[in-house]
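*Asks:* Mind having a look at this structure? Questions to follow.
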Amino acid sequence: MFVIEAGNPNLRQSGKKKVFGLSNSNNKNDWNASVISEDKASMGIKIFPPADAIIGLHTLDLQISDARQSKSYALGEFIILFNAWCTDDAVFMQNQEERKEYVMNENGFVFVGNADYISKVSWNFGQFDEDIVDICLKLLDESLECHKNVLKDYTMRNDPVYVSRVLSAMINCNDDKGVMLGRWDGKYDDGTSPTKWNGSCAILRRWYLSGCQPVKYGQCWVFAAVLCTALRCLGIPTRVVTNFDSAHDADGNLSIDEYYDIKGKIISKNNCDSVWNFHVWNEGWMERKDLPPGYNGWQALDATPQETSDGIFCCGPAPVKAIKEGDIHLKYDCPFIFAEVNADIIKWVVKNDTIGPERVYQDSKKIGRQISTKQVGTSGRLDVTNHYKYEEGSEKERAVFRKALEMRKNPHTGNNDQADPLPPSPSLTTVGIKLRLKLKESPVLGQDVQLIALLTNLTSLHKQINININVDAIENNGVHVKQVCQKSDLINLKPQSEYSAVYQVSYALYKACLSDSNLLKVSAVGELTDTKEKVLAERKITLDSPTLQMERSGNAILFAPCKVIVKFSNPLTEELRNCKLLMEGNGLVLGSIERELGNLKPGSTFRISVELIPYKSGKKTLQLLFTSDKFTHIKEHLDIAVLSLGLSDLYSF
């Protein structure tokens, strides 16, 4: 007889084990074993776990009994994972190319920037590195759920809904011995800036080797990328998703209220809600046996600690279909994710403390734009906005929004598709003036920013308007860092005409204000001199980094030296100090390669050659990070196809 037990020593005393013998049965619902080969000295046995087997480390023993005695032989240990190739598994995925992407791909991209200028950063997930599976199983063992009731936790580990929710809590350390501490204030001297991570493995190993002490520091894209590694490692198909202009609805009313003073400066004390420039989470593919039919497939998961769920900083899994249909009564955390992609935004101007705030702007289309993930099999961007909501402004989308609002008022409404619409919001004052903000060209860090304010007088009257433009450096989560500058103008507008004013925000002004997010927020408030009516416009500006040049010299062959050449020119009129390079890449670099480059004079160029010895074949990605006192992070990547040649081929090559 064969005996399967949990690898966790704390569970072996519980009597939780599986005992079975040899059989020719192909029963997929229980453990069985069959002989695949035998001779006089040995026998080959194949063990078949059921499709709903508990994942994790297990021991395998052989018991031999006869009339006189019984002996037990330890045959070894093995690990069970979820199986997206098995039709009876809760994570089964039909499409082979999607399985290769969402389970097997060790490299990928995270989309960042802003909705008007989307860029991407390369990430090494590394889920098949030798020690990562042990670390991911350690995450489950260190969870609050496991510490509360080890047996109950163990018996739930065949459910991807349960496992993914536990991991979404364990990637942050807010309630437990989780992996990473989040920080958004720019103070990273006692750790690593979130922008400087290139992959998950270094983070997971640091946590594991430190005795489960939190790694400093992470932000949303780091939390999401590490969770992607853990889920893929355990066999759950997973992808990283970026939501641009993502709402953080702290009060749960499905609207984001922002308050400004008359000069366009945001009033932080009035704002409990926020809009993140972008926010990154995950989707895991799984069956939802705990919900009514129709909600299988992609489930949103978020490891970034924003709000608690059942008292713990975790989020999801929430069916993406439930978000789209406004079924926010379903578990888990559907109302919060619905607001992230579909809240209305309302802006108010506060003239002084004696006069109440004046609503000057309302938009149902700004939140949740360009929701993006990596395309299957390519490095391109796939827009999945229509997975989360119907077309913005359409009758269906507004009906879903009203339905969600009704459910927030009456949580037990259920699937009430015919919820009565709420009273319409009062219309805004029609001032006859349109205000927009544009950029003259794509801004690059180190260069001046050319900003254009466009004013259109839609009336048949002359108008005079006081316009105040405020520029702030902000973090990605919308938190104010420092004011860069403030400009005011009195502008005369002819009837039925357009006026443009160009404002320059110099590098000298903003360089000392920026956080690692390289993000500026421009707010403009216009007040008509005759009627005192107001208009407001804002724009977020992501300053792009200068580019690094990378190229490979010759072919990349398994276990053979391969040269990569890196070039960078200093685009500034001032010297760059403490220049450093960091290279990482699963299958290309064991650990990392660091180079100290010293200082780089204005207009000067460095050119270095780095030798790699690839240790995995196939398509691999080399990540490079350049840092200096002026540029905190410039990232680039290079795809390298590593050839696997036989010894004779290598000599002839």
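The values are calculated or read from the model by the stated rules, or taken from the named source; none is laboratory data. Because the structure is a prediction, the values reported are computed rather than measured. FYI the Cβ positions are ideal-geometry reconstructions off the backbone, even for glycines, and counts take in every protein chain you see. Just the protein is used for accessible areas: all its heavy atoms, side chains included, with ligands, DNA and RNA removed. Shrake-Rupley method; radii C 1.70, N 1.55, O 1.52, S 1.80 Å.
*Asks:* So if I average 1/r over every pair of distinct C-alpha atoms in region 1-134 and take the inverse, what Kirkwood radius in Å does that give?
*Replies:* Its Kirkwood hydrodynamic radius stands at 18.4 Å.
*Asks:* If I take all pairs of Cα atoms in region 434-572, what percentage of them are more than 27 Å from each other?
*Replies:* Tail fraction, whole percent: 40.
*Asks:* Which order do the peptides 532-542, 440-450, 36-46, 515-525 come out in when sorted by mean C-beta neighbours inside 10 angstrom, highest first?
*Replies:* Ranking, from highest mean packing down: 515-525, 532-542, 440-450, 36-46.
*Asks:* Given an 8 Å cut-off on Cα distances and at least 6 residues of separation, report the relative contact order of the chain as a percent.
*Replies:* Here the relative contact order equals 9 percent.
*Asks:* Quick one: what are the phi-derived ³J(HN,Hα) couplings along region 613-618, Karplus 6.51/-1.76/1.60 with θ = phi - 60°, whole Hz, x for glycine and proline?
*Replies:* Per-residue couplings from phi come out as 10, x, 10, 9, 8, x Hz.
*Asks:* Any chance you could give the angle, 0 to 90 degrees and rounded to 10, that helix 395-409 forms with the longest Cα principal axis of the chain?
*Replies:* In the chain, helix 395-409 runs at an angle near 80 degrees to the longest axis.
*Asks:* Next question. Under 26 Å between C-alpha atoms is the cut-off here; go through region 481-555 and count lysine pairs that meet it, provided they're at least eight residues apart or on different chains.
*Replies:* Counting lysine pairs in region 481-555 gives 16.
*Asks:* Here is a further query. May I have the count of lysine pairs in region 1-92 with C-alpha atoms under 18 Å apart, counting pairs 8 or more residues apart or located on different chains?
*Replies:* Total qualifying Lys-Lys pairs in region 1-92 comes to 6.
*Asks:* Give the aspartates and glutamates whose C-alpha is closer than 19 Å to that of K438, dropping any in the same chain fewer than 8 places away, or say none.
*Replies:* Partners within reach: D116, D245, D363, D448, D472, D489, E498, E538, D544.
*Asks:* Which cross-chain or sequence-distant (5 or more) residues have an amide H under 5 Å from the amide H of N83, H modelled 1.01 Å from N in plane?
*Replies:* Close amide H contacts, sequence-distant or interchain: V91.
*Asks:* A further question on this structure: Sort 548-559, 226-237, 474-485 for me by packing, meaning the mean count of neighbouring Cβ atoms within 10 Å per residue, highest on top.
*Replies:* Taking the mean over residues of other Cβ atoms within 10 Å, the ranking is 226-237, 474-485, 548-559.
*Asks:* Also: Which net charge results for the neighbourhood of M180, defined as the other residues with beta-carbon distances under 11 angstrom from its beta-carbon, given Lys and Arg at +1 and Asp and Glu at -1?
*Replies:* +3
*Asks:* Write down the Kirkwood hydrodynamic radius of region 132-227, to one decimal in angstroms, obtained as one divided by the mean of 1/r over all alpha carbon pairs.
*Replies:* When all Cα pairs of region 132-227 are included, the Kirkwood radius is 13.7 Å.
*Asks:* Does anything in region 472-499 have its amide N under 16 Å from the 7 Å Cα→Cβ label point of A250, and if so which residues?
*Replies:* Counting only backbone N, you get 475-481.
*Asks:* Read phi for every residue in region 567-573 and hand back ³J(HN,Hα) as whole Hz from Karplus 6.51 cos²θ - 1.76 cosθ + 1.60, θ = phi - 60°, with x for Gly and Pro.
*Replies:* 10, 8, 10, 6, x, 8, 9
*Asks:* A further question follows. Which three extents, in whole angstrom, do the alpha-carbon atoms of region 245-380 cover along their principal axes, largest first?
*Replies:* Extents along the principal axes, in whole Å: 55, 37, 25.
*Asks:* Tell me the per residue accessible area of the chain using a 1.4 Å probe; a whole number in Å² is fine.
*Replies:* With all protein chains present, the chain gives 45 Å² per residue.
*Asks:* Same structure, new question: If the limit is 32 Å between Cα atoms, which of K177/K324; K347/K389; K138/K389 go over it?
*Replies:* Listed pairs above 32 Å: K177/K324; K138/K389.
*Asks:* Report which label in (i) 0.98; (ii) 1.05; (iii) 1.03 holds the value of Rg/Rh (Cα atoms, Kirkwood Rh) derived from the coordinates of this structure.
*Replies:* Evaluating Rg/Rh (Cα atoms, Kirkwood Rh) on these atoms matches (iii).
*Asks:* Let me ask something additional. Roughly what angle does helix 160-170 make with the longest principal axis of the chain, taking Cα atoms, 0 to 90 degrees, to the nearest 10?
*Replies:* 60 degrees
*Asks:* Cα convex hull of region 215-294: how many Å³ per residue?
*Replies:* Each residue corresponds to 161 Å³ of Cα convex hull volume.
*Asks:* Nearest 10 degrees, 0 to 90: what angle lies between the long axis of helix 132-141 and the longest principal axis of the chain (Cα atoms)?
*Replies:* 80 degrees
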